[in-house]
Amino acid sequence: MKKILFIDRDGTLIKENPPTYQIDRIEKVDFYPRVLFFLNKIANELDYIFVMVTNQDGLGSDNFPEESFWPIHNHILKVFRTEGIKFFSVHIDKTYPEDMSSTRKPEIGMLTSYFDSCYDLKHSFVIGDRMTDILLAKNIGCKSIWINENLSFEEENLSLKDILVLKTDNWKDIYEFLLKNESKIIHYRRKTLETNVQIGINLYGDGKSKIKTGLGFLDHLLEQMSFHSLIDLNIYAKGDIDVDEHHTVEDTAITLGEAFHKAIDTKIGIERYGFFILPMDDCLSTVALDISGRSQLSWNVEFIREKIGQVSTEMFIHFFKSFSSSAKCNLYIKSIGKNDHHKIESIFKAFSISLKMAIKKRINSKKIPSSKGLL
């Protein structure tokens, strides 16, 4: 199903031109700041089609002849095309407000073809600068993004507060909102006779976490992983720690890897590789990873202490081995230094930053990052 951005023209893509509000000469064309840059990013990084919907009062009348409108309008579309921004369709209503036309925003007479099972209107948006755009979203059954340099706007109808999901004066906010909205929260559970592990993961989040494994130091390391990778993580693990920590650490890593593998999905457009060298006091840790679809761990770390907190140091190689196996990635990990606490914490931080690098989306790429075409 195709998601749609229904985008207003005047005041949204280009600035309005009072008092006539008719863009009928080239010198009146003033693009909204950075609209070309961020619409290009939306077009190349996110999964939306663009539909322009605009009211042009009295177009075709003596006061607004079409011969002065179309050359300018076509020039605007050409500029967008030059920047890699293509509109799936353009809908222009030529009536006046007093005509009460069913084709005039906020009515949906021009847009009936989108009420079809191949379009995902529930997850679509109307982007515009007027109340009519918000009402159009309500009539379509989608959400509205309001963009206007005058941020004093207040909803006149409380019933619209659930329709209007973003108020802003810039396209950067719109891009970032849509990017975050595109992110998927994956919920995953693995239950055995020894453990019950539940994970919620959002690969493109803000680094927020809620971690509860029953092992304080493991919680701390996973919180660091979330913070430095910007991956949102909710992890709840209940295991037989009255026996020892082995099953809880192992099954948390297995479940986290399986959730990560599910969340990364097709791997289309990701960087794939990540690597980082991180100093921490007396330690220096190196992590490199490849989201390759294959599992391999190279571990070059020696510990002096038997335990850090409630976690045996021998479990850390087991954690990353389990993650590598279930996430289907190659991992190279090396750390030197004297303080074991610093070693493992610096490893987790370097691992987190490497993950962030590897899952980053490439601009203008919708390919699997492999010359084989498969990962």
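Any read-out appearing in this document is the output of simple, stated calculations on the displayed coordinates, not a laboratory observation. What you are looking at is a predicted structure, and each value in this text was computed from that prediction instead of being measured. A quick note on method: Cβ atoms are made from the backbone with ideal geometry, for glycine too, and the neighbour counts reach across all protein chains shown.
Estimate the FRET efficiency between residue 83 and residue 296 by the formula 1/(1 + (r/R0)^6), using the beta-carbon distance for r and 45 Å for R0, to the nearest 0.05.
After rounding, the FRET efficiency stands at 0.60.
Grab the other residues whose beta carbon is less than 11 angstrom from that of residue 73, score K and R as +1, D and E as -1, and report the net.
-1
Of 142, 118, 329, how do they rank once you tally other Cβ atoms within 10 Å and put the fewest first? Display every interim value, and only then the final one.
Values: 142 23, 118 7, 329 26.
With the sparsest Cβ surroundings first, the list reads 118, 142, 329.
Starting from the coordinates of the alpha-carbon atoms of the range 273-375, obtain the Kirkwood hydrodynamic radius over all distinct pairs and give the value in Å to one decimal.
14.4 Å
Output the antiparallel fraction of DSSP beta bridges having both residues in the range 4-181, as a percent to the nearest 5.
Close to 10 percent.
If R₀ is 25 angstrom, what is the calculated FRET efficiency for the pair residue 98 and residue 118, using the beta carbon separation as r and rounding to 0.05?
0.10
Can you give the FRET efficiency for residue 31 and residue 181, using 1/(1 + (r/R0)^6), R0 = 30 Å, r = Cβ-Cβ distance, to the nearest 0.05?
On the way: r = 24 Å, r/R0 = 0.81.
With R0 = 30 Å, the Cβ-Cβ based efficiency is 0.80.
Once you compute Rg and the Kirkwood Rh from C-alpha atoms, what is the Rg to Rh ratio for the chain?
A ratio of 1.11.
List the aspartates and glutamates whose alpha-carbon lies under 15 Å from that of residue 238, not counting same-chain residues fewer than 8 positions away?
194, 219, 250, 251
May I ask you to give the average projected area over all directions of the convex hull of the Cα atoms of the range 4-181, in nm² rounded to one decimal?
Result: a mean projected hull area of 10.1 nm².
Taking a virtual spin label 7 Å from the Cα of residue 194 along the C-beta vector, which residues in the range 252-267 bring their backbone nitrogen under 14 Å of it?
Counting backbone N atoms under 14 Å from the label point, the list is 252-255.
What aspartates and glutamates does residue 3 reach when the alpha-carbon gap must be under 16 Å and sequence neighbours fewer than 8 apart in one chain are set aside?
Output for residue 3: 45, 47, 116, 120, 182.
Taking only the Cα atoms of the range 185-359, how large is their convex hull per residue, in Å³?
On the way: hull volume 16.4 nm³, N = 175.
Taking only Cα atoms, the range 185-359 has a hull volume of 94 Å³ per residue.
Please give me the summed charge of the neighbours of residue 217: other residues whose Cβ is under 12 Å from its Cβ, Lys and Arg +1, Asp and Glu -1.
-3
Using DSSP to define loop residues, name the trypsin sites (Lys or Arg not before Pro) in the range 247-300 whose beta-carbon has at most 14 other beta-carbon atoms within 10 Å.
The qualifying sites are 294.
Can you give the angle from 0 to 90° between the axis of helix 131-140 and the longest principal axis of the chain, with both taken from C-alpha atoms, to the nearest 10?
Helix 131-140 sits roughly 70 degrees off the main axis of the chain.
Order the peptides 245-251, 60-66, 161-167 from the highest to the lowest mean number of other Cβ atoms within 10 Å of their residues.
Per-residue mean Cβ counts within 10 Å order the peptides as 245-251, 161-167, 60-66.
Using the alpha-carbon atoms, what tilt in degrees (0 to 90, nearest 10) does helix 246-264 show relative to the longest principal axis of the chain?
Here the helix axis deviates by roughly 30 degrees.
Could you please report the charge total around residue 275, scoring K, R as +1 and D, E as -1 over all other residues with beta-carbon less than 14 angstrom from its beta-carbon?
With Lys, Arg at +1 and Asp, Glu at -1, the neighbours total +3.
If you average the alpha carbon positions of the range 225-286 and of the range 332-356, how far apart do those two centres end up, in angstrom?
Each part's Cα centre sits 12 Å from the other's.
If you look at just the Cα atoms of the range 1-103, how large are its Rg and its Dmax in Å?
According to the Cα coordinates of the range 1-103, Rg and Dmax are 14.2, 43 Å.
Need the list of lysines near residue 338 for cross-linking: C-alpha distance under 28 angstrom, and skip anything on the same chain fewer than eight residues off.
Result set, ordered by chain and number: 307, 321, 349, 356.
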